[in-house]
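*Asks:* Dumping the structure here so I can ask a few things about it.
The values are calculated or read from the model by the stated rules, or taken from the named source; none is laboratory data. Because the structure is predicted, anything quoted here is derived from the model rather than measured. Here the Cβ positions follow ideal geometry from the backbone for every residue, glycine too, while neighbour counts run over all protein chains shown.
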Amino acid sequence: MSGELADLERIYREDLEWLFKVRRFGSKLGLEYVSHLLAQLGDPQNDFRSIHITGTSGKGSTTAMVASILREAGFRVGMFTSPHLTTFTERIQINGRRISVEDVVRLLDVIRPICEEMAEDPLLRHPTFFEIVTAMAFRYFSEEEVGFAAVEVGMGGRLDATNVVRSQVSVITNVSLEHTEVLGDTVLEIAEKKAGIIKGGGVLVTATADEEVYNLFKRVSEEVGSRIFRVGDDLRFERIRSSQEGQSFRLRGLFDTHYELSIPLLGEHQLLNAAAAVGTVEALRFHGIEVSKEAIERGLANVHWPGRMEVVQTHPTVVLDGAKDEEAARAVKETLLRYFKYDRVVAVVSMSSDKKITGMLEQLAQAVDYFVVTAHGVMSRAADPSLIAKELSRLSKGHEIVENVKEAVRKAINLAGEDGMVIVVGSVFLVGEARELWHEPDDPLHHLEK
């Protein structure tokens, strides 16, 4: 290793150690402190146009689709998502290329002193992990002069750190119970928080099937002066065909009819997400920006969003999906039952302790024959495997515990047999760790984040 690379690795290690230690401050919703941080950086969030995307599930996939379409339309496109599968730099991308380690180090060299000054100010506080990463992304997008940024909300919407952007189009994929300790105890309470990203003079696209939630979004849109469009009403799609390589569908959009669009992502839920993404870029016409049908077609066909019903091998077929809540687990169940036909399905599961484990397992158990329970490497968040095993016993599902993720996957492959199937599911952290068996990270410093 050269001296320069060794120095870079040392600095990057120190920066990431500092950044991840900031997580001890927890998640604190509110815009006051991230706004102060961004002001010290020159308010970079005002230097580009934005698409702002939230929802209980599907927001990451939809963000990736929107970014891919806009890139094919000729824009320089920033994409901000979380969490990452394997390496921190996945969170911040421009035209599909991750931010460099050098740029992470450079930007933190600017941001860290501001954070320390804020911590010393009795009227302020130290920014949270997500506030810092959000500021880093927006400063980077400003420096790189992106034309658009597709921005995924971290949690909720109204008080999420990303809600400082002036979005041309807002997207709310769907709403179900999540983060109830922070966002509220009912679906409508959570929907009200998410509705906070709806902007006056903008457009809202939603795929919610819940009439009460839709009526809430409609009321808020009317109050702030935003147009609103809904998948299922204003955007209608019909699946044409599907295979393990992807699926195709026709769509009646806001302005055009798309007779055949294809995505390399599986599941009915991804068709909903794709319809929302097309509606989003079509809605830019209300701001004088027209995206061609050809760009939409290419963007969807070329979207890259790993770890979401991703087939990584055959014989046995192994699929990775980062489903992290009950709604996502239901989508995985339905996809397994509709798209795959195997005699035996073995699941490798690990879940974070703050999730609705019982509900997730009840969904998965309807499609899975046997479970291998493990614990992903983010030990501060991973649920105790014995707790998951207890729930599986209650559901009368065969299972065993294998503590190491990669060993758990190997065990599941052996149990499934050549004609069986393995689904690795329950957490993005689990999927990221398992995926390394097939895709060695190309970032030589990724190991620093474990």
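*Asks:* Is there a residue being of a type in the set (D, E, K, R) and surrounded by fewer than 24 Cβ atoms within 10 Å (Cβ to Cβ) anywhere in the stretch 271-284?
*Replies:* Kept after step one, since they are of a type in the set (D, E, K, R), are these residues of the stretch 271-284: 282.
Next cut, surrounded by fewer than 24 Cβ atoms within 10 Å (Cβ to Cβ) only: none.
Within the stretch 271-284, not a single residue is of a type in the set (D, E, K, R) and surrounded by fewer than 24 Cβ atoms within 10 Å (Cβ to Cβ).
*Asks:* Give the residue, chosen from 427, 396, that is of a type in the set (S, T, N, Q) and either surrounded by 21 or more Cβ atoms within 10 Å (Cβ to Cβ) or under 27 Å from the mean Cα position of the chain (by Cα) (or both). I'd like the intermediate steps shown before the answer.
*Replies:* Working: 396 fails: either surrounded by 21 or more Cβ atoms within 10 Å (Cβ to Cβ) or under 27 Å from the mean Cα position of the chain (by Cα) (or both).
Being of a type in the set (S, T, N, Q) and either surrounded by 21 or more Cβ atoms within 10 Å (Cβ to Cβ) or under 27 Å from the mean Cα position of the chain (by Cα) (or both) holds for just one of 427, 396, which is 427.
*Asks:* Given the options 63, 89, 56, name the one that is part of a helix (DSSP H, G or I), surrounded by 22 or more Cβ atoms within 10 Å (Cβ to Cβ) and among the β-branched types (Val, Ile, Thr).
*Replies:* Checking each option against the conditions leaves just 63.
Okay, residues lined up against (1) surrounded by fewer than 18 Cβ atoms within 10 Å (Cβ to Cβ); (2) out of contact with any His (no Cβ under 9 Å at 6 or more places or on another chain); (3) modelled with pLDDT under 95:
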residue	(1), (2), (3)
228	no, yes, no
232	yes, yes, no
244	yes, yes, yes
251	no, no, no
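*Asks:* Look through 105, 146 and report the one residue that is modelled with pLDDT of 95 or more, surrounded by 19 or more Cβ atoms within 10 Å (Cβ to Cβ) and either of a type in the set (Val, Ile, Thr) or within 22 Å of residue 263 (Cβ to Cβ) (or both). Lay out the reasoning, then the answer.
*Replies:* Details: 105 fails: surrounded by 19 or more Cβ atoms within 10 Å (Cβ to Cβ).
146 is the lone residue from the list that is modelled with pLDDT of 95 or more, surrounded by 19 or more Cβ atoms within 10 Å (Cβ to Cβ) and either of a type in the set (Val, Ile, Thr) or within 22 Å of residue 263 (Cβ to Cβ) (or both).
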